[in-house]
Amino acid sequence: MRELKLYFILQKIATEQKAEVIESELNGRIAMLAARGKRPEKLKQEMGKDGTLADLYIQMREQKAIDKLLESAKIEEVELQPKAEVESSST
């Protein structure tokens, strides 16, 4: 259930951020995977048949969405208090 929620959230973010994977990026990733012993064209054809090509596209799109979020993220350093101090200050 958690993975399904995460999938929909990342897809929504990817759409809002206009994070799209172009053919050359997909082919580049396939070429990297194919470097392990197969021709890229053959690997892409096999991936298309077994559904892993669509999975790779989704994975790359989600990563682009996450990268875009991180680009605009504002990091704020927060000083952590020891647990004992937090408990005593809340009573």
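Things worth noting here:
- In a DSSP loop and with at most 11 other Cβ atoms within 10 Å, the GluC sites (Glu not before Pro) in the chain are E76, E77, E79.
- Share of carbon and sulfur in the accessible area of the chain stands at 56%, probe radius 1.4 Å.
- Candidate values [x] 7.5; [y] 10.3; [z] 6.6, label of the one derived for mean projected area of the Cα convex hull in nm²: [y]
- Lys pairs, the chain - Cα-Cα below 21 angstrom, 8 or more residues apart or on other chains: 12
- Axis angle, to the nearest 10 degrees, between helix 40-50 and the longest C-alpha principal axis of the chain: 70 degrees.
- Probe 1.4 Å, protein heavy atoms only - accessible area per residue of the chain in square angstrom: 84
- Note on R2 and E77: with the Förster distance fixed at 30 Å, the Cβ-Cβ geometry gives a FRET efficiency of about 0.55.
- Distance (nanometres) between label positions extended 7 Å along Cα→Cβ at Q59 and E41: 2.4
- The HN-Hα couplings worked out from phi for segment 9-21 by the Karplus form 6.51 cos²θ - 1.76 cosθ + 1.60 (θ = phi - 60°) are 5, 5, 5, 5, 4, 4, 5, 5, 7, 6, 8, 10, 9 Hz, whole numbers, x standing for Gly and Pro.
- Per DSSP, loop trypsin sites (Lys or Arg not before Pro) in the chain with at most 14 further Cβ within 10 Å: K18, R36, K38, K74
The values are calculated or read from the model by the stated rules, or taken from the named source; none is laboratory data. If you're wondering where the values come from, they're calculated on a predicted model, not measured in any experiment. So basically every Cβ, Gly included, is an ideal-geometry build from the backbone, and we count neighbours across all protein chains shown. Surface accessibility is based on the protein's heavy atoms, side chains included, excluding ligands, DNA and RNA. Shrake-Rupley method; radii C 1.70, N 1.55, O 1.52, S 1.80 Å.
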